[in-house]
Amino acid sequence: MPIAILAASVVWFIVASILFFNPITDKVYRSQDHQPGVRILPPNPKSISMILAAILVQIILWAGVYALVSPALTGDRLHKGLLFGLILVATKMVPRDADRILLSTYPAKRMAIEFVIGCISMMVVGVVFGNLI
C-alpha cells in the first residue's frame, strides 16, 4: 500500500498542477483573487509543503477506505478505481461545494474550476488505487 499512496499523491499533485496552472485556467482562477471569501496562499515553499501534506493525509486515509470497500466494488481494476473515484467525488467534492454555495461568498468561477479539477483528481486517485491496491 505505501507504493499506492506515494503514486496517488504524486499523480494527484501533477494532474492538479497541470490543470490549475495552464494559461487559460490560471488566468480565470487568478481573476478571482480579490473576491470575498478567497484566501490567497503565498507562492512559497511553505505553501507547497502545506498543500503536499494535505494531499498526503487525504491519500493515506482514502487508501485505508479503499482497502475496506474494494471487495464490495464490482468489475476489473479500472472499473473499481473509477467507482471509488465517484465515491470520493460524492463524499468530498459535492458536500464541500454545497457548503460553499450555501454558506460562503466564495466566487462561483473559482468554485467551478476547483470542482472540475477536484473531480478529475479524485478519479485519478481512484484509478491509481484500483491498479495498485
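The values are calculated or read from the model by the stated rules, or taken from the named source; none is laboratory data. Bear in mind the structure is a predicted one, so any value in this text is a computation, not a measurement. Cβ coordinates were reconstructed from backbone atoms using ideal geometry, including for glycine residues, and neighbour counts include every protein chain displayed.
Residues that are in contact with a His (Cβ under 8 Å, 6 or more places away or on another chain) number at least 1 in the following helices (runs of 4 or more DSSP H) confined to region 72-133: 108-132. The set of residues in region 51-92 that are among the charged types (D, E, K, R) and surrounded by 14 or more Cβ atoms within 10 Å (Cβ to Cβ) comprises 77, 80, 92. Restricting attention to region 1-30, the residues that are within 28 Å of residue 67 (Cα to Cα), without any contact (Cβ under 8 Å) to a residue 12 or more places away in the chain and under 14 Å from the mean Cα position of the chain (by Cα) total 3. State the number of residues belonging to region 2-27 that are β-branched (Val, Ile, Thr) and exposed (fewer than 14 other Cβ atoms within 10 Å of the Cβ). Qualifying residue count, region 2-27: 4. How do the pairs read when you match residues in region 56-79 that are over 20 Å from residue 6 (Cβ atoms) with residues anywhere that are at pLDDT 95 or above and not in a helix (DSSP H, G or I), using Cβ under 9 Å and keeping only pairs 6 or more apart or on different chains? The qualifying pairs are 79/73.
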